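Heads up: the structure comes next, in structure tokens.
The values are calculated or read from the model by the stated rules, or taken from the named source; none is laboratory data. Since we're looking at a predicted model, the values are computed, not measured. Cβ coordinates were reconstructed from backbone atoms using ideal geometry, including for glycine residues, and neighbour counts include every protein chain displayed.
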Amino acid sequence: MSDTFPPQGYVQTKSAVSGIEVYRPLKPEELEAARPVVDFRCPNCDGATGYSTDDGGLTCTFCGYHEAPEVEIVGKGAQEFEFTVETVERATNGWGQERKELVCNSCAAHTTLSTEMLSHTCPFCGSNAVVQSRAPQDVLRPRFLVPFVTTTENCRQITAEFLQNSWMLPNNLQNLARSTEYTPIYIPFWTFDARTTASWRAEVYNTDASRRRHAAPNWKWERPFLLKLGDREGKQWDWESGAVSLFTDDMLVSGSGQISLTLLKQLRGYRLSELVPYDPTFLAGLSAQAYDVDLESAWASARRSMRAKTKEACLEQASTRTTRNFSMNMDFSDESWRYILLPIYLATYRYGDKVFQVLINGQTGTIAGQRPVDWRKVAQYLGLAFLPGLLLAIIAAVLLANNLDVGGFIMMVAGIGLIAWIVFAVTTLSKAGKMAEA
Amino acid sequence: MSETSQIENEKWIAAWGADWVLEGCASCNGVFVLPPEKVSQRCPVCGQAALAQMNPDDDRPIHTQPPELLLPFRAAREQLQQNVTQFAKSVWLAPADLQPATLLGRLQPVYLPMWLVDVQVQGEWQAEMGFDYEIVSHREQYKNSGWQTERVKEGRVRWEPRLGRLNRAYNNQMAPALEQQAEVERKIGRFQTQDQQPCQPTDLAGAIVHLPNRSPEDAWNEAVLGLQTAVAQECRQASEANHARGFKWSPSFANQHWTQLLLPLYTSYYLDDDNQAQMLLLHGQTGQLHGVRRASLKRARRVAGMVATVAAVFLLITLLLVGLGLTVAEEALAWAGVAGVLAVGVGGTAVLPLLYAWYVNNAQAAK
Ligand SMILES: [Zn+2]
Ligand SMILES: [Zn+2]
Ligand SMILES: [Zn+2]
């Protein structure tokens with residue numbers, strides 16, 4: 001047995017039998033919960049330090065002190081959690097509109113921090129603090145994150161390119177990218193794993209050929225060959241059945257209701273293989289949102305996607321896609337979840353009198369957002385494209401008026417041109433619309 | 001009681017009272033305390049020898065300390081009768097002595113000793129404790145173009161390390177006082193110790209008491225094993241866990257206090273062909289019986305002889321018919337054939353009783 005009692009990392013807990021003492025290991029969150037709020041001070045000059053996305057570490061803006069965080073990449077091996085009854089109940093209860101009163105350690109200013117923010121910068125003295133836990137949140141706090149890889153300079157380049165790669169945009173946007181402010185922010189995400197096991201049965205409209213061709217694993221054609229009585233081509237509804245087992249790994253569901261889902265979807269493609277354990281250092285001086293889409297509803301939407309995917313896999317097994325009376329039974333198993341933070345840059349820029357929003361994936365640099373479409377330029381181009389057709393039509397009309405047969409041919413060419421123009425105009429306008437709306 | 005005077009006479013009489021006799025068995029080395037009317041009977045445990053006074057130079061360990069507690073005989077008379085009768089019936093070609101009435105007549109109540117120890121245990125312990133919990137899962141059904149979702153709960157066990165200290169008294173931990181204890185329990189089952197009561201001299205009337213042949217020091221190791229199980233169980237309860245595994249401890253023991261508990265047992269016996277006693281053990285609480293089945297080779301031989309005689313008669317008839325067939329009437333040869341087959345067939349079955357008896361006796365010996 002150990003030399004010292006109790007061994008390190010153990011704490012006494014209640015015992016139901018007198019004369020027996022019970023010690024249990026400290027949970028990692030209990031070690032961290034000892035510091036509900038972490039302040040960041042420079043060891044050299046006592047100034048406020050903050051995480052810099054440009055050099056990946058804590059930096060002091062006063063004396064230039066730099067401290068790289070200990071990064072231990074856990075990747076997709078990052079611990080996953082089960083849907084225990086306890087977790088699910090706590091997740092549904094949420095923590096309401098609770099707000100946290102923060103007292104600045106530097107200037108003693110009082111600020112209230114809304115629950116959706118995990119980090120805080122004192123508006124009076126600029127010192128940075130990271131909120132570790134709130135009472136009802138202890139189970140449901142982020143355990144892993146992907147650190148910022150993209151630097152502000154990268155963002156400028158990416159935005160500059162984004163603002164120049166289409167003729168529909170105004171020409172003078174380069175400077176815009178230079179002057180834009182990029183705000184790094186951590187967005188909450190849920191990741192879900194689950195296995196879905198399904199069995200299905202349906203009537204499938206078959207031809208002899210499709211019957212012969214088809215033989216998927218786990219699939220069964222239920223009608224005995226002896227009873228093969230179809231119409232003349234052997235077309236007939238056959239009962240078929242099959243079984244499907246799928247594993248979904250790390251399905252991402254946004255935990256933030258604030259940021260446009262369509263924009264977030266365009267930013268997808270995070271490499272979760274670069275997940276690191278949560279450390280408040282990564283959040284110092286940056287913004288970080290806590291989730292506002294709770295575990296239960298995020299899981300419900302993930303389950304909807306998973307079952308749709310499983311149903312699709314079932315239909316895939318049928319010998320043809322024409323089915324009726326489709327039914328399936330499906331079981332979820334090995335379900336697990338994670339609460340992680342993913343890096344995003346938020347940027348807004350002004351063009352004319354309008355404000356445009358852009359998001360950049362803080363890991364891969366993928367960009368998504370609204371762009372100021374130059375509608376006058378679009379109209380000019382469309383008009384220009386219309387001209388040759390119009391010209392041909394006029395020529396054809398003149399020729400036809402002079403009873404020259406070739407006019408009919410030219411008229412036909414003009415007609416084709418018109419149709420091509422309409423297609424072009426519609427696609428261009430929809431593209432432009434998307435750019436402007438995003 | 002001048003017979004016992006050689007062996008710690010005064011101490012002995014002071015402990016048990018003057019009416020009791022101390023005798024030993026030369027075959028199983030058991031030492032018994034018995035009432036005067038049972039003196040010099042066949043050994044109630046092994047049945048191989050008669051009990052006799054012990055020699056002064058006999059150095060087998062004797063623990064004459066009188067017992068404090070006993071478990072009373074609880075088995076119903078009808079139960080014992082039924083078990084004994086059933087046992088006697090289950091042997092074909094049984095020795096003459098194997099009769100239910102004889103067995104019941106020889107039923108002898110015997111008390112077997114068991115050590116009980118009270119001890120104060122101190123030390124550290126560690127184990128992995130398992131806690132039951134539930135997870136929420138889902139089951140879905142797609143029918144008539146719609147989904148139906150069902151929430152299901154599944155049980156799981158979460159294992160967590162626990163350790164701690166222990167300072168607790170454990171009373172009445174059992175430790176066998178007889179070398180044969182495990183064997184007896186294997187044959188007739190364990191004893192229910194909740195029923196224990198203080199031992200009064202009147203309780204022992206008519207019974208033979210087997211004295212311990214293991215000292216408390218000897219039995220201590222087994223007591224510790226039993227304690228470990230009890231402590232592991234209590235540590236699990238203390239941790240409010242549902243399961244425990246990998247229990248380890250570093251105990252120190254103090255204030256051991258030993259007492260003796262008597263366990264109730266009936267024994268009986270029957271004599272086989274060789275006049276060897278074959279023992280029956282009956283649980284004094286449940287009546288469960290264990291006995292060695294022996295067939296009588298004598299009876300088997302007698303039966304075999306009778307069958308062989310019948311076969312010989314058939315053989316004789318065969319020979320007669322053959323003679324008749326060869327000389328007078330040829331059709332007698334056919335009858336000779338039939339008789340010959342009968343002779344061989346009946347003769348063959350004559351081995352069966354012998355085979356059976358041999359099998360029964362050897363199968364029991366192998367056990
Ligand atoms: Zn500094
Ligand atoms: Zn301040
Ligand atoms: Zn004996």
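The figures follow:
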{"quantity": "Which numbered condition B:W159 fails, given (1) within 30 Å of B:R77 (Cα to Cα); (2) surrounded by fewer than 18 Cβ atoms within 10 Å (Cβ to Cβ); (3) in contact (Cβ under 8 Å) with a residue 60 or more places away in the chain", "calculated": "(1)"}
{"quantity": "Hits in the range B:195-244 - residues which are crowded, with 22+ Cβ neighbours inside 10 Å, in contact with a Gly (Cβ under 9 Å, 6 or more places away or on another chain) and over 30 Å from B:E160 (Cα atoms)", "calculated": "B:H210, B:L211"}
{"quantity": "Members of the range B:168-194 that are within 14 Å of another protein chain (Cβ to nearest Cβ) and loosely packed, with under 13 Cβ neighbours inside 10 Å", "calculated": "B:A169, B:N171"}
{"quantity": "B:T229 modelled with pLDDT under 90 and assigned to a helix (DSSP H, G or I)", "calculated": "no"}
{"quantity": "Qualifying residue in the range B:198-208 (condition: under 19 Å from B:E68 (Cβ atoms) and at the interface with chain A (Cβ under 10 Å from one of its Cβ atoms))", "calculated": "no"}
{"quantity": "Flag if A:L58 is at negative phi and modelled with pLDDT under 80", "calculated": "no"}
{"quantity": "Selected residue (only one of B:Q141, B:Q120, B:Q194 is outside any strand (DSSP E or B) and either in contact with a helix residue (DSSP H, G or I) (Cβ under 7 Å, 6 or more places away or on another chain) or among the polar types (S, T, N, Q) (or both))", "calculated": "B:Q194"}
{"quantity": "Within the range A:313-341, tally of residues that are more than 10 Å from chain B (Cβ to nearest Cβ), more than 29 Å from A:D294 (Cα to Cα) and part of a strand (DSSP E or B)", "calculated": "2"}
{"quantity": "Neighbours by Cβ (under 8 Å, 6+ apart or cross-chain): first from the range B:131-144, facing another protein chain (nearest Cβ under 7 Å); second surrounded by fewer than 16 Cβ atoms within 10 Å (Cβ to Cβ) and aromatic (F, W, Y)", "calculated": "B:E140/B:W147; B:Q141/B:W147"}
{"quantity": "Any chance A:T191 is over 30 Å from A:S305 (Cα atoms), assigned to a strand (DSSP E or B) and within 19 Å of the chain's Cα centre (by Cα)", "calculated": "no"}
{"quantity": "Of all residues making up the range A:419-435, the number that are hydrophobic (A, V, I, L, M, F, W, C) and surrounded by 15 or more Cβ atoms within 10 Å (Cβ to Cβ)", "calculated": "5"}
{"quantity": "Only one of B:E217, B:E234 that is more than 24 Å from B:T286 (Cα to Cα), part of a helix (DSSP H, G or I), more than 14 Å from chain A (Cβ to nearest Cβ) and not aliphatic (A, V, I, L, M)", "calculated": "B:E217"}
{"quantity": "Condition broken by A:W375, with the remaining ones in (1) touching a residue at least 40 places away in the same chain (Cβ under 8 Å); (2) surrounded by 14 or more Cβ atoms within 10 Å (Cβ to Cβ) satisfied", "calculated": "(2)"}
{"quantity": "Exclusive hit being under 20 Å from B:V224 (Cα atoms) and in contact (Cβ under 8 Å) with a residue 60 or more places away in the chain, set B:R190, B:R168", "calculated": "B:R168"}
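Residue-by-condition table, conditions (1) at pLDDT below 65; (2) within 22 Å of the chain's Cα centre (by Cα); (3) within 16 Å of ligand 1 (Cβ to nearest atom):
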{"site": "B:I7", "(1), (2), (3)": "yes, no, no"}
{"site": "B:E10", "(1), (2), (3)": "yes, no, no"}
{"site": "B:I13", "(1), (2), (3)": "yes, no, no"}
{"site": "B:W20", "(1), (2), (3)": "no, no, no"}
{"site": "B:C28", "(1), (2), (3)": "no, yes, no"}
{"site": "B:V39", "(1), (2), (3)": "no, no, no"}
{"site": "B:A49", "(1), (2), (3)": "no, yes, no"}
{"site": "B:M54", "(1), (2), (3)": "no, no, no"}
